[in-house]
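The values are calculated or read from the model by the stated rules, or taken from the named source; none is laboratory data. Please read all numbers here as calculations on a predicted model, not as lab measurements. Positions of Cβ are generated from backbone atoms using ideal geometry, with glycine treated the same way; all protein chains shown enter the neighbour counts. Quick note on the areas: whole protein, heavy atoms, side chains included, nothing else; ligands and nucleic acids left out. Shrake-Rupley method; radii C 1.70, N 1.55, O 1.52, S 1.80 Å.
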Amino acid sequence: MQPSAVNQSFSNALNIGTVFAVSAALALALLYVPLRGARHFSSLRSRVKEVAFPMRGPTLLLDNGLVVTLLGGRLMLVSLLFGWDGSVLRMPVKEALRWTRVRRTRRVATVIPGSTAPPFGAELEALRARLGVRLLIAMVREPKTHLSLPANPRWIVTLTASRSFSAPNIELFAREMDGVENFLKRLVFPYNDAATRTTISGGGGETTPLDMGTTRVALPGERLVGVGLWKRFRATDPVFQRMVALTLVLTTTTVLGGLFFQGVGSLIVLIVLIMGGGLIGATARTRRDGFAGGLIFGWGGTFLGFLILLPLEAVQQGGGLLMIGVGLLAGFAGGLILGFIEGLFGAVAGYVGARLAKKPIRAQ
């Protein structure tokens, strides 16, 4: 039996209405999420000059020039833009958004709490404690070479703040805003001063701002940040370097154990998991960090190991491209599932290592 024309028309109308309703719900959700995020900034209402709602998150331009963005509801970015003379630029919020995007700038240096760059590492650690966040990173950037013009900012200094499972406390930030502003100004001063000294022309004794973009400067005692991956990796925190190295060791052990040592491969992997998780926990800041670091180490190392191991086994067995592709998909799925299970072993080892090292449960 053929459906009647009335039923067919009703079915088409119902399908169109369903698509329209879903589209409208998604559009309302996209509008609601930034507005909901803007509620977190209620304590800054008296200092706000302009507001924007891009896809990355609500962005405020404050009366002192600070550009505050709540990225994804979890990361708070606080930026100051400086001119060629070192003064704070107060530009429209849409223009400030363009310059706080990574693709328009290149990184000059990164400062982390407790780093060896005096005195900013200790100051950043104290600021992190006052803001009540677990992660606080300061970064100095400059426009890319083809954008280094007198009309554009010379330096973009950004603080990235985050807590584990919630947005940073904006009320604490409002109370510490003057301290944040002063820290960003003092952080950029040595870079601006060094760049100015190196761009004095030999003839007239005047500065040549157009030449500043080609000069890379760094603070005394701070490692230069290069364009190569290895140089960027060496500029990171030693704890992060240790976790990456141990993750690669676990990946290598998983691959070699699966290919050549099937009998004792699982035992070797378990030993690496326990020892690596314990080392990460012993150097972590808190027991929670030790647990999280061990979980990332175990999960990441196992996932990469399976992602490499199963396609290699397909190659060893003489499989074609189809079998290699199937092995890659199986490695991806198996790495996610088994990686989480093995990651729990690493997490427990990390927690125990932090506990034996007498680390606190929470950061003070």
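Okay, here's what the table says:
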read-out: Accessible carbon and sulfur surface of the stretch 302-364 relative to its total accessible area, %, 1.4 Å; value: 76
read-out: Spacing of the two label points (7 Å from each Cα toward its C-beta) at LEU270 and GLU50, in nm; value: 6.2
read-out: Label point distance in nm, VAL102-ASN182, each placed 7 Å from Cα along Cα→Cβ; value: 3.2
read-out: Whole-number accessible area per residue in Å² for the stretch 75-198, which is evaluated in the context of all protein chains at 1.4 Å; value: 42
read-out: Straight-distance crosslink candidates among lysines, where the alpha carbon sits under 26 Å from LYS144 and sequence neighbours closer than 8 are dropped; value: LYS94, LYS185, LYS231
read-out: Mean Cα-pair separation over length for the stretch 62-160, i.e. relative contact order, pairs under 8 Å, 6 or more apart, %; value: 32
